[in-house]
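The values are calculated or read from the model by the stated rules, or taken from the named source; none is laboratory data. Keep in mind the model is a prediction, meaning the values are calculated, not measured. Here the Cβ is made from the backbone with ideal geometry for all residues, glycine too, and neighbour counts use every protein chain on show. Surface areas here come from the heavy atoms of the whole protein model, side chains and all, with no ligands, DNA or RNA. Shrake-Rupley method; radii C 1.70, N 1.55, O 1.52, S 1.80 Å.
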Amino acid sequence: MIFSAGIPDVVPAGRMADGGQPVLDLAEGAELRPWRPDDADALLAAARDPEIGRWNLFTVADHADARRRIERMHERWRGETGAVWAIARTGGAAIGLIGLNDIDLAGGTAELVYWLLPEARGTGLAPAATRRLTRWSLDDLGLHRLRLCHSTANPASCRVAEKAGFTFEGTMRGALLHADGWHDQHLHARVAGDPE
């Protein structure tokens, strides 16, 4: 596809859908891998965790709903609109999620999102997973820009963004409605060619 102004797509359509979702290795025995139906327990646990619920806008009713959500993750990959990985110990159960929302291959952009279950917090996995997915997104997939947004009331996510080399670009006022009302959001970004 070519933009109307004659500008070619940053990433050609089919780059994701024509290949399988890769497993991305992390240091210290962890990996980013596609979600599996047997990860439904982890997704349900995340939906019931107060901290994840405070910062992430998703619900999971039961195991059947969790399995449907996992299937939708795979559909989004095939449709090239999203890419979601489980953060897991190598060969183990999911202990977190990281992914790309709002993928625009033609424009070369996406938003990076993540959460960790309580047992994985404070281990350095969030910044490590963010750095690894960023490298894959910019270097292997070929996107130009990734944004990472979080509530200004969530300093832990600000630290993850900083540790992963995302530049703080500003505050978006009243940008996202949470259960307790509208939150301002910090906007961080990485652009292809930025130093790590």
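Side notes on the structure shown:
- Ordering 23, 34, 10 by Cα displacement along the dipole of the range 1-90 toward the positive end leaves 10 in first place; charges were set at the Cβ atoms of Lys, Arg (+1) and Asp, Glu (-1).
- Highest mobility in the GNM of the chain, judged by mean-square fluctuation with C-alpha springs under 10 Å and restricted to 28, 75, 111, is found for 28.
- Gain on full extension, evaluated as 0.36 nm per residue between residue 18 and residue 64 minus their Cα-Cα distance, stands at 13.7 nm.
- Rg ratio (alpha-carbon, reference 2.2 N^0.38 Å) - the chain: 1.01
- Surface share of carbon and sulfur [accessible, 1.4 angstrom probe, percent] for the chain: 52 percent
- The charge dipole of the range 19-144, taken about the Cα centre with unit charges on the Cβ atoms of Lys, Arg (+1) and Asp, Glu (-1), comes to about 80 debye, rounded to the nearest 20.
- A full extension of the chain between residue 121 and residue 54 corresponds to an added length of 22.6 nm, given 0.36 nm per residue minus the alpha carbon distance.
- Equivalent ellipsoid of the range 142-191: semi-axes from √(5λ) of the C-alpha gyration tensor, largest first, are 21, 12, 8 Å.
- Alpha carbon Rg of the range 20-68, scaled by the compact-globule rule 2.2 N^0.38 Å: 1.32
- With the simple spin-label model, which puts each label point 7 Å out from Cα in the Cβ direction, the residue 28 to residue 153 separation comes to 3.0 nm.
- When only alpha carbons are used to place a centre, the range 43-92 and the range 137-196 end up 20 Å from one another.
- The Kirkwood radius of the range 126-170, taken over pairs of alpha-carbon atoms, gives through the Stokes-Einstein law at 4 °C and 1.567 mPa s a diffusion coefficient of 117 µm² s⁻¹.
- Fluctuation leader among 23, 84, 113 - the chain, Gaussian network, Cα springs under 10 angstrom: 23
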